[in-house]
Amino acid sequence: MNEKVIFLQYHIFDGQYRYKNGRNGVQIVGVEDLKTTAIEIPNEIDGRPVVSIGNEAFYLCFDAGRVSIPPTVTKIGKDAFACCHSLETVDIPVNVQVIDDGAFRGSKNLRRMILPDGVTEAAEDLFNDCRQLVSVTLPDSIQK
């Protein structure tokens, strides 16, 4: 008899963030309050490090003007902060290695971005429709 095993991914809610557990830590997959004005991602949830920000985790958080990402995060997913219209400031730590497609797409008030040394993959369309963007600093570490 051939058995097929299916693993279901489910999201856990800690009161502020929706997340899922992975092998190396926690991935943030959403936020409870889309009207938050500042996003402060914690270093850990339930004793496990926050290692990534999932696809569309903060999509449509129109009022978020500032994002702080902890040094435990190594990946920012596709459209993670897309359409955060009020976003002006993002603190990206040096441990982030991958920033996927459209991560900041449509963040209309984002003016400057510094990608730290250590980022090895940054999608070409990170900043599509970031109309106020005047300065992007890219590190030598980018390979792709």
Under 10 Å, Cα contacts only: if you run a Gaussian network model on the chain, which one of Ala38, Ala80, Ala103 comes out with the highest mean-square fluctuation? Ala38
Here P(r) for the chain, Cα-Cα distances in 5 Å bins, as whole percents, is 2, 10, 19, 24, 19, 12, 6, 3, 2, 1, 1, 0, 0
Highest mean first, how do 113-119, 138-144 rank when packing is the count of other Cβ atoms within 10 Å averaged over residues? 113-119, 138-144
For Val67, residues with placed amide H under 5 Å, excluding near neighbours: Ile39, Thr89, Val90, Asp91
Residue-ordered couplings for the stretch 70-87, obtained by feeding phi - 60° into the Karplus form 6.51 cos²θ - 1.76 cosθ + 1.60 and rounding to whole Hz (Gly and Pro as x), are x, x, 6, 7, 10, 9, 10, x, 4, 6, 4, 10, 5, 6, 8, 4, 8, 4
Cα centroid distance between the stretch 33-49 and the stretch 77-144, in Å? 19 Å
Under the rule of at least 5 residues apart or a separate chain, name every residue whose amide H is placed under 5 Å from the amide H of Arg18. Val29, Gly30, Val31, Glu32
Exposure proxy check on Ile69, Ile39: fewest-to-most Cβ neighbours within 10 Å is Ile69, Ile39
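What's the extension gain from Leu34 to Gln16 if we count 0.36 nm per residue and subtract their Cα-Cα distance? Intermediate values should be presented prior to the final figure.
Details: separation 18, 0.36 × 18 = 6.48 nm, distance 1.03 nm.
Fully extending the segment from Leu34 to Gln16 adds 5.4 nm.
Please give the length that would be gained between Arg111 and Arg131 if that part of the chain were fully extended, namely 0.36 nm times their separation in residues minus their C-alpha to C-alpha distance (nm, one decimal). All intermediate terms of the calculation are to be shown ahead of the outcome.
On the way: separation 20, 0.36 × 20 = 7.20 nm, distance 0.83 nm.
Here the segment from Arg111 to Arg131 would lengthen by 6.4 nm.
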For Lys108, which lysines qualify as cross-link partners when the Cα separation must be under 30 Å and same-chain residues fewer than eight apart are set aside? Lys20, Lys35, Lys75, Lys78, Lys144
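At 0.36 nm per residue, minus the direct Cα-Cα distance, what do Leu138 and Val94 gain on full extension? Give it in nm, one decimal, please.
Numbers: separation 44, 0.36 × 44 = 15.84 nm, distance 1.24 nm.
Going from the current span to full extension adds 14.6 nm.
Using a 10 Å cut-off around each Cβ, can you sort Phe104, Phe81, Phe62 from fewest to most neighbouring Cβ atoms?
Numbers: Phe104 25, Phe81 28, Phe62 14.
Exposure proxy ranking, most exposed first: Phe62, Phe104, Phe81.
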Using unit Cβ charges (K, R positive; D, E negative) and no other charged atoms, how large, in debye to the nearest 20, is the dipole of the chain about its Cα centre? 100 debye
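All of the numbers you see were taken from the coordinates with simple rules; none came from a lab. Just so it is clear, the structure is predicted and the values come from calculations on it, not from any experiment. With ideal geometry, Cβ positions are generated from the backbone for all residues, glycine too; neighbour counts draw on all protein chains shown.
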